[in-house]
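After the structure tokens below, expect a handful of questions from me.
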Amino acid sequence: MYGSTPSNNAGAKANSLSAVCGAIAAVAVVGLVSHQFDARTEHYGALMVQPVHVLSSATPVAVRGAERSQLTSVTAAPAALQYDMQQAPTIQSSAFSGSTTPSVSTLFGLGAVLAAGCLALRTWIPRAQPKTQQEVDLEGMWSIASSSGTNLGAGKTIRIATRKSPLAMWQAEFIQSELERLWPGVTVQLQPMSTKGDKILDSPLAKVGGKGLFVKELETALLEKRSDIAVHSTKDVPMELPEGLELSIICKRHDPCDAIVFPKGSTMKSIDDLPKGARVGTSSLRRQCQLLLTRPDLKFLELRGNVNTRLAKLDSGDYDAIILAAAGLKRLGFTDRVLPGETNIIDPNAMLPAAGQGALSIELRNDDPEMLALLMPLHHIPDAVTVCCERAMNRRLSGGCQVPISGFAQLMDGNLRMEARVGSVSGKGPLIIKSKTIPFPMDKEWKQVQKAAEALGVEVADMLLAAGAQTYLDEANDRQDVGVGLAASQA
């Protein structure tokens, strides 16, 4: 994903070699000139020497497009090198003329070629470059941002509203640690809260109000100014926010895929290993409708509770497998549940993720510019582009957890590709799939980039509607007996 930079040791070697090159050139020229001067002092008059330019780091030499083979011969070197001086340095003497001893100009030429060879070698040693956010290899690391300049957070307090679940607390603590790292002296307070969604565990979310049940209490705390920000799993944030609030910060995205998890001790490695009629725990209509197309034999059972609770139910025999977000498993350290080679991480082509899946986001009041400034280093522009595109598509379709909509955007080679799917909650109709790719320059202000990304999301949503997706959306919104319960009873 990210390219690594050369080490500082390489830069030190390059700098040392530069100094050596200069020294070699100087010694070669001065030593040889002195030798001839001593040998001919008795026969020649005063030596007239023009100023000599010593090649060193102070007079850079740029190798432009020269192949190594060109630099191995004396005749190729002058053509391959461009000197930062008006003319090649020369030594002139009215007393020197042809003899058995080479002329000073010839000797200097040899010294210059020697220095050129050293400097050519210098170009083959990579120079250390300052590490930037996109150049640092972040694989396996959670740290995502850096700040510079004035410490905006010193002496200030930031109150974070969060749910009490282990995953929600991990996410809030992660943002807390990032803010403390970015702004030394800032005070970050966590405010754990129980939401209605955490309390209602005996009914599918689609029947009791959707994922908005997990954020309402947090948003109320923001509006009443009891909290300053709220940290969310972006896929759980409703498409429409209360007036006065905005989802301003999209953090660096982690794994956006789903994972199928098997009981401890199981020999199964992927969906293909599930036996006919297997009991699969998931409350997501999005996951159900995509799996039903290839495995109509599966029995989907309701699955609620935090990640720890769901895994415990799986291991106790309530399910043959369950489906969870891969990012949640990895954040909580359940590495034993991610199989070698990640064979149980579901290919997004087989199961397209939910809009915003794998990304953390921060909600705050839209009248608090000082807080926004403190949070901006956490805003990861490339992932914000894809998440905003996905959410715009979902918003256009009035999507929620009661509607089987999936959407996944990718930035690749200067292009933005958006794919979205709408399925039937009963699994009786074909999956409607639409996608579009557009050139996407990133050299504009964030608001302009955001607008362009959201426009693509809306366009793909309209393509779905034109292909008949509204019928599926109406089915999901009108019927409350579809999804998990129906699929299980009909199997």
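Would you pick out the residues in region 439-458 that are among the small types (Gly, Ala, Ser) and either open to solvent by 60 Å² or more (accessible area, probe 1.4 Å) or under 19 Å from the mean Cα position of the chain (by Cα) (or both)?
Within region 439-458, Ala453 is the sole residue that qualifies.
So, in region 226-247, of the ones that are open to solvent by less than 20 Å² (accessible area, probe 1.4 Å) and aliphatic (A, V, I, L, M), which residue ends up nearest to the chain's Cα centre (by Cα)?
Only one residue fits best here, namely Val231.
Looking at (1) closer than 30 Å to Pro242 by Cα; (2) part of a helix (DSSP H, G or I); (3) polar (S, T, N, Q), which one does Gln290 not meet, given that it meets all the others?
With respect to (1) closer than 30 Å to Pro242 by Cα; (2) part of a helix (DSSP H, G or I); (3) polar (S, T, N, Q), Gln290 is out only on (1).
Now for a separate question. Look at region 292-321 and say how many of its residues are open to solvent by less than 10 Å² (accessible area, probe 1.4 Å) and under 18 Å from Pro404 (Cβ atoms).
Here the count works out to 3.
Do you know which residues across region 394-410 are under 15 Å from Pro348 (Cβ atoms) and not β-branched (Val, Ile, Thr)?
Ser406, Gly407, Phe408, Ala409, Gln410
Could you check Val231 against (1) at positive phi; (2) in contact (Cβ under 8 Å) with a residue 24 or more places away in the chain and say which number it fails?
(1)
In addition: Against the condition among the polar types (S, T, N, Q) and closer than 18 Å to Asn349 by Cα, how does Ser424 come out, does it pass?
Yes: the conditions hold for Ser424.
Here's a check for you: in region 384-423, which residue that is at positive phi and small (Gly, Ala, Ser) is most open to solvent (accessible area, probe 1.4 Å)?
Ser398
Are any residues in region 421-465 free of Cβ contacts under 8 Å to residues at least 12 places away in the same chain and over 25 Å from Ala476 (Cα atoms), and if so, which ones?
Asp443, Lys444, Glu445, Lys447, Gln448, Lys451
Residues in region 261-285 that are closer than 29 Å to Met169 by Cβ and either open to solvent by less than 20 Å² (accessible area, probe 1.4 Å) or in a strand (DSSP E or B) (or both): how many?
Result for region 261-285: 6.
For region 169-199, what are the residues that are open to solvent by less than 50 Å² (accessible area, probe 1.4 Å), in a helix (DSSP H, G or I) and either hydroxyl-bearing (Ser, Thr, Tyr) or modelled with pLDDT under 95 (or both)?
Result: Gly197, Asp198.
Something else: Over 20 Å from the mean Cα position of the chain (by Cα), open to solvent by less than 50 Å² (accessible area, probe 1.4 Å), in contact (Cβ under 8 Å) with a residue 40 or more places away in the chain and under 20 Å from Trp170 (Cβ atoms): which single residue out of Arg365, Arg337 fits that description?
Going through Arg365, Arg337 in turn, the sole match is Arg337.
If I ask for residues that are part of a strand (DSSP E or B) and polar (S, T, N, Q), which ones from region 408-444 would you list?
Within region 408-444, Gln410, Asn415, Ser435, Thr437 meet the criteria.
Sticking with this one: Take Ala461 and decide whether it is touching a strand residue (DSSP E or B) at 6+ places or on another chain (Cβ under 8 Å), of a type outside the set (Val, Ile, Thr), outside the structural domain of Arg295 (by the TED database) and surrounded by fewer than 17 Cβ atoms within 10 Å (Cβ to Cβ).
No, not satisfied.
Being within 16 Å of Leu167 (Cβ to Cβ) and either among the polar types (S, T, N, Q) or in contact with a Lys or Arg (Cβ under 7 Å, 6 or more places away or on another chain) (or both) is the filter here, so list the residues in region 285-310 that pass it.
Matches in region 285-310: Leu303, Asn306, Asn308, Thr309.
The values are calculated or read from the model by the stated rules, or taken from the named source; none is laboratory data. Everything numeric here is computed off the predicted structure, so don't read it as measured data. Reconstructed Cβ throughout: ideal geometry from the backbone, glycine too, with neighbour counts over all protein chains shown. Each accessible area value is taken on the protein alone, full model and side chains, heavy atoms only, with ligands, DNA and RNA left out. Shrake-Rupley method; radii C 1.70, N 1.55, O 1.52, S 1.80 Å.
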